[in-house]
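Engineer: Next up is a structure, given as structure tokens.
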Amino acid sequence: MDRIIVGYEGSDCAERALERAAELSRSLGATLLVVSVARSSHPAEAAPVVDLAEAPLPAIPGPAGTVAPMPLPAPEAPRPEPIELAQHQLERARMRLIRMRVEAEYVAEVGEAAERLLALAREREADLIVVGGREHGFLDRLLGRHVDEAVAAHAGCDVLLVH
């Protein structure tokens with residue numbers, strides 16, 4: 001076994017999967033690739049643009065019957081890009097592996113986690129994919145497959161589900 005890929009997203013299951021993949025990598029002398037996949041952000045639907053210079057400000061009652069303009073809401077803080085979220089997760093994984101004295105390569109991806117893990121496994125000719133598996137409730141099963149199930153169903157190599 002030469003190459004092991006582990007999916008990591010920071011959950012308890014992912015932490016256990018990372019630990020197991022690191023142990024296997026160290027004992028087998030295999031290359032370890034840690035992958036974090038963030039979902040792509042879908043742009044919000046376009047809202048109508050209002051020219052504030054022409055639009056009247058809503059009024060709120062002021063003291064003694066006067067009317068004051070209602071203040072505009074503060075602008076929202078910018079959300080981090082999906083790739084930044086994936087890189088943040090990889091930094092957590094890297095710190096953990098440093099403590100374990102395990103070397104690894106790190107890849108941040110954006111998209112559907114199962115698809116990206118499977119594509120990387122094919123591209124890098126992985127011998128094993130390690131993912132955290134969790135017990136899914138009725139609603140989870142009703143809504144569709146999860147990353148662990150999709151990877152296990154479609155991988156062209158061995159898959160280790162860590163609980």
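Residues checked against (1) over 16 Å from residue 9 (Cβ atoms); (2) surrounded by 13 or more Cβ atoms within 10 Å (Cβ to Cβ); (3) modelled with pLDDT under 95; (4) in contact with a helix residue (DSSP H, G or I) (Cβ under 9 Å, 6 or more places away or on another chain):
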{"residue": "97", "(1), (2), (3), (4)": "no, yes, no, yes"}
{"residue": "115", "(1), (2), (3), (4)": "no, yes, no, yes"}
{"residue": "121", "(1), (2), (3), (4)": "yes, yes, no, yes"}
{"residue": "133", "(1), (2), (3), (4)": "no, yes, yes, yes"}
{"residue": "148", "(1), (2), (3), (4)": "no, yes, yes, yes"}
{"residue": "152", "(1), (2), (3), (4)": "yes, yes, yes, no"}
{"residue": "155", "(1), (2), (3), (4)": "yes, yes, no, yes"}
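Engineer: Quick check on my filter: what residues within the stretch 22-37 are over 13 Å from the mean Cα position of the chain (by Cα) and either under 22 Å from residue 110 (Cβ atoms) or not in a helix (DSSP H, G or I) (or both)?
Structural biologist: 29, 30, 31, 32, 33 - these are the residues of the stretch 22-37 that are over 13 Å from the mean Cα position of the chain (by Cα) and either under 22 Å from residue 110 (Cβ atoms) or not in a helix (DSSP H, G or I) (or both).
The values are calculated or read from the model by the stated rules, or taken from the named source; none is laboratory data. None of these values were measured; they are calculated from a predicted model. Don't worry about glycine lacking a Cβ; one is built from the backbone with ideal geometry, like all the others, and counts go over all protein chains shown.
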